[in-house]
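The values are calculated or read from the model by the stated rules, or taken from the named source; none is laboratory data. Note that the coordinates shown come from a computational prediction; the quantities given were computed from them, not determined experimentally. Neighbour counts run over all protein chains shown; Cβ positions are idealised from the backbone, glycine included. Only protein heavy atoms, including side chains, enter the accessible area calculation; ligands, DNA and RNA are left aside. Shrake-Rupley method; radii C 1.70, N 1.55, O 1.52, S 1.80 Å.
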Amino acid sequence: MEFIMKALIVLENHFYKDRNGKIWCDRIIDYKFLSRYLEVFDNIVVAGRCQKIENNNDNKLLVSGKNLEFVELPEFVGAQGLLKNLYIIKKIMRKSAKKTDCVIFRAPTHLSLFTYKEVLKENKILVLEFMMAADKMFDGNGWINKILNRIIDNEAKKMCLKANGVSYVTEKILQEKYPCQAILDKRDQRYFTANYSTIDLPKAVYYKQKWKEEEVPNIFNIIHIGYMDSYRKGQHTLLKAIKLVKEKGIAINVTLVGDGDKRSDFEKLAKDLKIDDIVKFEGAIKDRNTILKLLRESHLFVFPTQSEGLPRTIIEAMSQGLPCVASPVDGIPELLEKEFLIDYSDSNEYANKIIEILSDWKNMIKISNENYLKSQKYESKRLMSERTRFYERIRNGVIENENSVCGK
């Protein structure tokens, strides 16, 4: 008899349930994204924070779909909110794990770090899709945040060692810092690993810039894409750098895509720096074609982020033939050469690098072509095969575990 397999997917995103019972998400996660799991698993159960809404009036992404169930966790914000709801969350997680065959955490998140042990208690196959380093999950340089980040970072390392399978978005960097058992002992077949990005980049969206040496732009367009929930994505560093670039007489326009609680802070900073005449805040954009259009109309992508895994924003910018400058954190050095990596807090060096790049149009064309070629390795079909192999290994592990428990 065919084994019908159900996987529990635990996500940190905020979800919304309308009065008709449909589930929505405001960022990244929709049914199409989750369908990647259904390529291997027969059914999936998605667990995440959820709040009630009357109707989807904010163009949220539809999560509900065929062969997908949803488990509602209490809505909370931040670590303090998690701790307040931790008892009930653990209870729900353990009950959900008991009813499914394996559990996949997109990690490291507060949810994964505080609840993965509940999965282990149920003797279920535990899998991590490891997205980023865990050493900067609390913003700020205060000593309390530093201690908390160190504790969380150590717990993330333990979680990787306990998991049956771990996939990483990087090729080497996260693996070296957060090794799993499959890396430490390649002979033990109970454990497995892989690496792939979660970006969905079909061949059709790639775009090779048609810049010509003799057609130097009169005004250069710089773009940044990132959430504005905190200072983590470095918008403030970019704005300070732009002031210095403007003072050097370089003709530029700057586009910031994204939204969040800190947007008003960034808008005020642009005004205080007297650069609001050349900075445009586009807000959150969910339509991919609009994002691609903005990238294709730009000349440089700048991303002074504090913490990332392997940022899809940089890969997407490279796929549109843009030179990129970013900070040397997590997996970014696997994307960009050292000369394009600058500390996320150093606005002076960002300004110097922006001026250097924009002052050599011929070299910009060269960098554009190189980035376009490098981005080819992240094309969807290439990544899908690696991802599917990993999910099939999970399925096989579940069957082996089932046979072991049954004494077969």
Computed for region 290-408: size of charge dipole around the Cα centre, +1 on C-beta of each Lys and Arg, -1 on C-beta of each Asp and Glu, debye to nearest 20, value 660 debye
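Would you list Tyr206, Tyr31 from the most to the least accessible area, probe 1.4 Å?
Putting Tyr206, Tyr31 in descending order of accessible area: Tyr31, Tyr206.
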Kirkwood calc, region 1-61, C-alpha pairs only, radius in angstrom 12.7 Å
For region 14-21, in residue order, the Karplus 3J(HN,Hα) values (coefficients 6.51, -1.76, 1.60; θ = phi - 60°; whole Hz; Gly and Pro = x) are 8, 10, 9, 10, 7, 5, 8, x
Computed over the chain: longest principal axis from alpha-carbon atoms vs helix 78-98 long axis, angle to nearest 10 degrees, is 40 degrees
Here region 182-313 gives, from Cα atoms, an Rg and Dmax in Å of 18.7, 61
Site Leu83, offset 7 angstrom along Cα→Cβ, radius 12 Å on amide nitrogen, limited to region 138-167, gives 145, 148
Computed about the Cα centre, the charge dipole of region 48-206 from +1 Lys/Arg and -1 Asp/Glu charges at the Cβ has a magnitude in debye, to the nearest 20, of 540 debye
Rounded to the nearest 10, the angle in degrees between the Cα long axis of helix 235-247 and the longest principal axis of the Cα atoms of the chain comes to 10 degrees
Given a Förster distance of 45 Å, the FRET efficiency implied by the Cβ-Cβ spacing of Asp265 and Phe3, rounded to the nearest 0.05, works out to 0.30
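Mind checking region 33-92 for GluC sites (Glu not before Pro) that DSSP puts in a loop (not H, G, I, E or B) and that have at most 16 other Cβ atoms within 10 Å?
Listed in order of number, the matching sites are Glu39, Glu54, Glu75.
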The answer for region 3-66, accessible area per residue at 1.4 Å probe in Å², is 45 Å²
Here the percent of antiparallel bridges among DSSP beta bridges lying wholly in the chain, to the nearest 5, is 10 percent
Taking only the alpha carbons of region 316-408, the radius of gyration and the largest Cα-Cα distance, Dmax, both in angstrom, are 20.9, 70
To the nearest 10 degrees, the tilt of helix 380-406 (Cα long axis) against the first principal axis of the alpha carbons of the chain is 20 degrees
FRET efficiency for Glu155 and Asn123 from the Cβ-Cβ distance with R0 = 22 Å, rounded to 0.05, comes out at 0.55
Hull volume per residue for the chain, using the convex hull of the C-alpha atoms, in Å³ is 149 Å³
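Counting each DSSP H run of 4 or more residues in the chain as -39500 (n - 2.57), what helix-only mean residue ellipticity at 222 nm follows after dividing by all residues, to the nearest 500 deg cm²/dmol?
Taking each H run of at least 4 residues, the total per residue is -12500 deg cm²/dmol.
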Sorted largest first, the C-alpha extents of region 130-200 along its principal axes in whole angstrom are 42, 29, 15
Given unit charges at Cβ for Lys, Arg (+) and Asp, Glu (-), the dipole magnitude of the chain about its Cα centre in debye, nearest 20, is 1080 debye
Mean Cβ-within-10 Å packing, highest first, puts peptides 383-393, 76-86 in the order 383-393, 76-86
Of the listed pairs Lys212/Lys271; Lys60/Lys366; Lys99/Lys157; Lys146/Lys338; Lys32/Lys91, those with alpha carbons more than 31 Å apart are Lys212/Lys271; Lys60/Lys366
Over the Cα atoms of region 84-211 the radius of gyration and the largest Cα-Cα distance (Dmax), both in Å, equal 17.1, 58
If each part is reduced to its alpha-carbon centroid, region 159-223 and region 278-352 end up apart, in Å, by 15 Å
Of every hundred units of 1.4 Å-probe accessible area on the chain, the number belonging to carbon and sulfur atoms, as a percent, is 49 percent
Taking a label point 7 Å from the Cα of Glu171 along Cα-to-Cβ, the residues of region 320-351 whose backbone nitrogen sits under 15 Å from it are 331-338
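Semi-axes, largest first, in whole Å: what does sqrt of 5 times each Cα gyration tensor eigenvalue give for region 285-364?
Taking √(5λ) for each Cα gyration eigenvalue gives 20, 17, 11 Å.
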Computed over region 80-220, protein heavy atoms only, probe 1.4 angstrom, the accessible area per residue in square angstrom equals 53 Å²
Using the Kirkwood formula on alpha carbons, the hydrodynamic radius of region 26-101 in angstrom works out to 14.0 Å
Region 69-154 -> Rg/Rh from Cα coords, Kirkwood Rh, value 0.99
